[in-house]
Amino acid sequence: MAQGITSANLGVPVFDLAKVQHDAYIKTLKTCGLEVIVLEADESHPDSVFVEDTAVVTESVAVITNPYPDSRKGETIAIKSKLEKIFGSMAVINEPGTFEGGDVMQVDRGFYVGVSGRTNKEGIDQFTAIQKKYNYWVTSIEMKELLHLKTGISYLGNNTMIMVNEFTSEPLFDSFKRIVVEKQEEYAANCIRVNEFVLVPLGFPKTVEAIKASGFRVKELDMSEFRKLDGGLSCLSLRF
């Protein structure tokens, strides 16, 4: 894990603390009413804890992605093996398409997908063709600065999005209620709605209050060691 890809410049993650935080994450998902499947550690892939990037899952189909970095491509093997036991219908993103789940934000019967350094237009075209079979729409968004789309925006349900300033001028989101995260709390834009709760990284009080003021119940989780690897709350799980 300490050898994972990062641009955060926040230091090397403390592995023992990361394990404590990961255990707390699992426990919280369970208290929110989810069944949690925990995969074995994959020592050959230091970024493999960020399982969200390896697949996009709906009730209709599991799509195995094709992560951009060569060091991450093998991560999909274990995910595909597990999902094949759960889903009868599988699809795969193939070269030259690259595609990572962190760039995919589902909103009801559709997806917003970021065109980023990790997800290219060929990958999005393949994903669009797959989802069209199941009557889902797909809309792409050109990324500017962020690693992944969901680094800076999350859909909380109830027609509400939380976002960094980069997305406030995006007309695609004009019909949504918006919670805009202040510059110093931008990391908290990556949060997840899990049944009746919104999970938010610990240490961002203004964002927490804004989410509560919008009518949501909040649980905070310490993400310090995963933040050092550019990882957020959504990255650590596939939720379906």
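The values are calculated or read from the model by the stated rules, or taken from the named source; none is laboratory data. These numbers were taken from a predicted model, which means no experiment stands behind them. With ideal geometry, Cβ positions are generated from the backbone for all residues, glycine too; neighbour counts draw on all protein chains shown.
Residue by residue, here is whether (1) at pLDDT below 95; (2) under 18 Å from E40 (Cα atoms) holds:
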site	(1), (2)
Y68	no, no
T76	no, yes
G88	yes, no
E95	no, no
G102	no, no
V107	no, no
G110	no, no
I124	no, no
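When the strands (runs of 3 or more DSSP E) confined to region 74-150 are screened for residues that are in contact with a helix residue (DSSP H, G or I) (Cβ under 9 Å, 6 or more places away or on another chain), surrounded by fewer than 16 Cβ atoms within 10 Å (Cβ to Cβ) and in contact (Cβ under 8 Å) with a residue 60 or more places away in the chain, none reaches at least 2 such residues. Any idea which residue in region 45-73 is farthest from S7 (Cα to Cα), counting only those that are surrounded by 21 or more Cβ atoms within 10 Å (Cβ to Cβ) and of a type in the set (D, E, K, R)? The residue in question is E52.
Inside region 23-53, can you point out the residues that are of a type in the set (D, E) and in contact (Cβ under 8 Å) with a residue 12 or more places away in the chain? Let's see the steps before the verdict.
If we filter region 23-53 for residues that are of a type in the set (D, E), which is where we start, we get 23, 35, 40, 42-43, 47, 52-53.
Residues satisfying the conditions are E40, D42, D47, E52, D53.
Against the conditions (1) without any contact (Cβ under 8 Å) to a residue 24 or more places away in the chain; (2) touching a helix residue (DSSP H, G or I) at 6+ places or on another chain (Cβ under 8 Å); (3) not assigned by TED's automatic domain parsing to the domain that holds N135, V20 satisfies every one except (2).
Rundown of residues vs (1) part of a strand (DSSP E or B); (2) assigned by TED's automatic domain parsing to the domain that holds P13; (3) of a type in the set (F, W, Y), yes/no style:
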{"site": "S169", "(1), (2), (3)": "no, yes, no"}
{"site": "Q184", "(1), (2), (3)": "no, yes, no"}
{"site": "L199", "(1), (2), (3)": "yes, yes, no"}
{"site": "G203", "(1), (2), (3)": "no, yes, no"}
{"site": "K212", "(1), (2), (3)": "no, yes, no"}
{"site": "G215", "(1), (2), (3)": "no, yes, no"}
{"site": "F226", "(1), (2), (3)": "no, yes, yes"}
{"site": "L229", "(1), (2), (3)": "no, yes, no"}
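Exactly one residue out of I5, I77, I86 is over 16 Å from N190 (Cβ atoms) and under 18 Å from the mean Cα position of the chain (by Cα): that is I5.
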